[in-house]
1. Quick one: which of E495, E406 is out of contact with any strand residue (DSSP E or B) (no Cβ under 6 Å at 6 or more places or on another chain), modelled with pLDDT of 95 or more and assigned to a loop (DSSP other than H, G, I, E, B)?
2. If a residue must be outside any helix (DSSP H, G or I) and either more than 24 Å from H136 (Cα to Cα) or not β-branched (V, I, T) (or both), how many such residues does the stretch 301-329 contain?
3. Any residue in the stretch 426-441 that is open to solvent by 20 Å² or more (accessible area, probe 1.4 Å), without any contact (Cβ under 8 Å) to a residue 24 or more places away in the chain, assigned to a helix (DSSP H, G or I) and within 30 Å of G231 (Cα to Cα)?
4. For the condition farther than 26 Å from D433 by Cα, more than 18 Å from the chain's Cα centre (by Cα) and either in contact (Cβ under 8 Å) with a residue 12 or more places away in the chain or open to solvent by 30 Å² or more (accessible area, probe 1.4 Å) (or both), what is the one hit in L63, L153, L127, L137?
5. How do the pairs read when you match residues in the stretch 284-300 that are in a helix (DSSP H, G or I) with residues anywhere that are of a type outside the set (A, V, I, L, M) and open to solvent by 30 Å² or more (accessible area, probe 1.4 Å), using Cβ under 7 Å and keeping only pairs 6 or more apart or on different chains?
6. Could you list all residues from the stretch 441-472 that are touching a strand residue (DSSP E or B) at 6+ places or on another chain (Cβ under 9 Å), among the hydroxyl-bearing types (S, T, Y) and more than 18 Å from G424 (Cβ to Cβ)?
7. Is one or more of the residues making up the stretch 72-81 in a helix (DSSP H, G or I), at pLDDT below 95 and either open to solvent by less than 30 Å² (accessible area, probe 1.4 Å) or touching a His at 6+ places or on another chain (Cβ under 6 Å) (or both)?
8. Would you confirm whether or not the stretch 461-468 contains a residue that is in a helix (DSSP H, G or I) and either buried (at least 20 other Cβ atoms within 10 Å of the Cβ) or not hydroxyl-bearing (S, T, Y) (or both)?
Amino acid sequence: MRPARRIARSSAAGLAALILLASAALYLWSAQRTFRLGLPLDDAWIHQTYARNLVELKQWAFLPGEPSAGSTAPLWTGVLAVGYWLRVNPLFFAYAVGMTVLGIVAWLAVRWVQVLVPERAGWAWTLAVLIGFEWHLVWAGLSGMETLAVAGLAVLVLLAAETGRLGPGRLGLLIGVGVWLRPDALTLVGLPLGALLLGERRKIGPDLARLAAGLAAVLVPYLLWQRSLSGEWWPNTAFAKQAEYAALQELPFAIRLAAQAGIPGAWLGAKGLDPGGPLIGVMAALVPGLVLFVIAQLRARRWDRLLGLLWSAAYIGLYAARLPATYQHGRYAIPVLPVWMALAGAGMLGELELRSDHFGRRVLSRTWIALVPIIAGYFWLAGARAYGRDVAIIESEMVETARWIEAHTPEGAVVAAHDIGALGFFGHRTLIDLAGLIDPSVVPILRDEPALARYLSKRGTDYLMTFPGWYPQLTAGRAPVYVTGARFSPAAGSENMAVYRWEASSFAPCGGCAILAELWQGRP
């Protein structure tokens, strides 16, 4: 019996690996078929630029000779730098690392479910298969971003808390390392802290001290390093993104929270919110399993097993409060998805009875088992189309414009732009960052176009690269010297990227432009 089980587990693990490869192949094929291979968001090129400069120039800088704190995930940037050191194609290295991380996330989730539902350990591998089909996670794995690494860290901390194999000190160290991946990984400290509060009271004091010491050993150097780069304790991006989407904070918190989670229809009538979030996909079909898991733990009084849900609620709640943007398929909420899927899987495995004597339970179990893969497959295919479209937009707008700037502007030209990722990697020009990601001095005036105009003139700007609607006052009355003309961005409801010659004397704000600026408040 045991050899048979081992063979079954190996077969399931092999199937999960094949699905990961199939997912990567399908999504990359979709990108190539739509336009060409690339990355689905401009921020990924910021990591690539830092990684390249770290290896080639031995500098932690986006612009050569100007150290900055524009990388939200320095550890992830360091991992990508290995590809440059090995002289591997940066795109394929990013794809390989991202999908490897997704495989690790799937394995950790399976191990966690096996601990939660040991009597169904063999069936737990079906979760790995499901994770390989989940479109948000595949998109994130091929995005060139650190999103999945944070998700994996969350599952690892929860697994360690469940098994008790890592003491408080090591958990603190692990979470501290996570902060080097993304600052929001600091929220994971609530998991061991909650476990300690629910555990033996006589051990709380010493264990809290070990947790704090482990965390501080890694967190303090991170804070000091950030301080030395920018004068702030956290990366520039933390302040710049919040300032950029401050207008969304005027929406009711309940709407912002629902939109982050991806509750269908939460964004309707809410200006600036887009469809996205973990619940728009197979997770919607897994919600009953999540409910069953919660009910089972409440009945068993296993309060500690609810910490994962509490953390995920706090995590998306933090974004709803401070950065409620839901663009790029709710990418900020994606790290909670493997946690939800694992807990829902545990709930399903604990209740499913395909051969139950009870007719209703048998029918529901079989219906559920049939419905979940159908929904997963539908969104997997839809996600591939979305990935291809997203890559096409970045490549045809940001990358093509950056290449044009490199080929058609003088080497000493100063270019101002809101999207600096691809421009920094391909443009090879002096940049002025209108989003405040590498230059915090612009953050206070992000939405003040007259102030931005004065700032650009003071900095000796030669060219402005932007979507015209993002800065209607700055672009009013100016004829672009270049427009991409690509079809993908307009087809998605946006416009083409343009390049303008910047002449300070030609800027003249008007009332109509101010109205347009208000209409565009809150757009990503």
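The values are calculated or read from the model by the stated rules, or taken from the named source; none is laboratory data. Just so it is clear, the structure is predicted and the values come from calculations on it, not from any experiment. Note: ideal-geometry Cβ built from the backbone for every residue, glycine included; neighbour counts use all protein chains shown. These area figures cover heavy atoms from the full protein model, side chains too; ligands, DNA and RNA do not enter into them. Shrake-Rupley method; radii C 1.70, N 1.55, O 1.52, S 1.80 Å.
1. Exactly one residue qualifies, and that residue is E495.
2. 5
3. Scanning the stretch 426-441, I find at least one residue that is open to solvent by 20 Å² or more (accessible area, probe 1.4 Å), without any contact (Cβ under 8 Å) to a residue 24 or more places away in the chain, assigned to a helix (DSSP H, G or I) and within 30 Å of G231 (Cα to Cα), so the answer is yes.
4. L127
5. Short answer, once both residue conditions are applied: L292/G350; L292/E351; A296/G350; Q297/R305.
6. Within the stretch 441-472, Y455, Y471 qualify.
7. yes
8. Checking the stretch 461-468: at least one residue is in a helix (DSSP H, G or I) and either buried (at least 20 other Cβ atoms within 10 Å of the Cβ) or not hydroxyl-bearing (S, T, Y) (or both).
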